[in-house]
Structures are given as structure tokens and as C-alpha cells.
Amino acid sequence: MKRFLPYCLLFFTAFTLAQTGPKIVFKDKDNTIDYGTVTKETDNGERIFEFTNTGDQPLIIKNVQSTCGCTVPSKPDQPIMPGKTGEIKVKYNMNPGPIRKTITVETNAVNVEGGMVALKIKGEVIVKQEPNPLEKKTNILMNRS
């Protein structure tokens, strides 16, 4: 009986690892894109999450949703064939302040629990500082003295 248990464990582990079906693997570390510190004037807020179907069947992106209306995701219309890449585009509206948003992706992938994947965007949108013309003139006058 003691010998039987390790063989059962080995069998179930091998069976689990040998799952067939579509599998989704995202390129970005921790499924997160960091905008960094940006301004509305210099950044349009668009980013792309790239992924690959590492499985052996077509991957279908069923639905993509954001946690709020300030982030608009778009998904591929066609299935992603095994070995091929696809992308989910995200557009943030670039309101000033911190960016901390989650995009939920619903798929038929067998390598993620329930076929659901959470993508995240983070960063900060700052207001572009315009130089005050009066301060500039004051500094010029002070330097001449």
C-alpha cells in the first residue's frame, strides 16, 4: 500500500500537467502594464496586452471588461490558433491622478481558473506644468542685476 500512494500521486500530477486545450500566456510580467508618470498632452492612453495561445486548440476571448468606464478594452474577434499571438487593446481616458485599474478577460483557456484572467494597468497621470511668463521675466531681470 505504501508503494501504491506515490504512483497514484505521480499519475495524477502527470495527468494534470498534460491538459489539452487552449492555453493563454501573457507577455507582460504579472499581467500588468505600468504607464509610469505621464501627461494627457504627451500620451494617448492606449496600451496593448500581448498573449500567446500555447495550447493545442483555438483560444477564444469571450469577453473583456473593465472595472470602470474610464478604461475601454477591446478584444480579438477571431479565435487565436495554437502557437499564434493575439492582443487586447486598452485605452485609458488619462484623467489626472493615479491609475489603478483591472481588466477581466473571459476565455476558454484551460490553464487559468475558470478561464478568467485579470489584467492590470497602473501609473500616474500628472498635469503638465506650464511655465508662468511672469516668473520667467522676474528670473531674467534678477540675473541681469
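Here SER74, SER66 are placed in order of increasing Cβ neighbour count within 10 Å, fewest first, which gives SER74, SER66. Across segment 20-128, the mean sequence separation of Cα contacts (distance under 8 Å, 6 or more residues apart), normalised by length, yields a relative contact order of 36 percent. Taking other Cβ atoms within 10 Å as a rough exposure proxy, THR20, THR71 sort from fewest to most as THR20, THR71. Counting charges near PRO79 (Lys, Arg +1; Asp, Glu -1) among other residues having Cβ under 15 Å from its Cβ returns a value of 0.
Summing charges over neighbours of VAL64, with a neighbour being any other residue whose Cβ is under 13 Å away from its Cβ, gives +2 when K and R count +1 and D and E count -1. Between ALA118, THR52, ILE99, the Cα set farthest toward the positive side of the dipole of segment 20-128 (charges on each charged residue's Cβ, about the Cα centre) is that of ILE99. Summing charges over neighbours of THR52, with a neighbour being any other residue whose Cβ is under 9 Å away from its Cβ, gives +2 when K and R count +1 and D and E count -1. How would you rank GLU87, GLU130, GLU46, going from fewest to most other Cβ atoms within 10 Å of each one's own Cβ? Final ranking by Cβ density, sparse to dense: GLU130, GLU46, GLU87.
Each value in this text was obtained by applying a stated rule to the coordinates, not by laboratory testing. All figures in this text were calculated on a predicted structure; none of them were measured in a lab. Ideal geometry is used to build each Cβ from the backbone, glycine not excepted, and the neighbour counts take in all protein chains shown.
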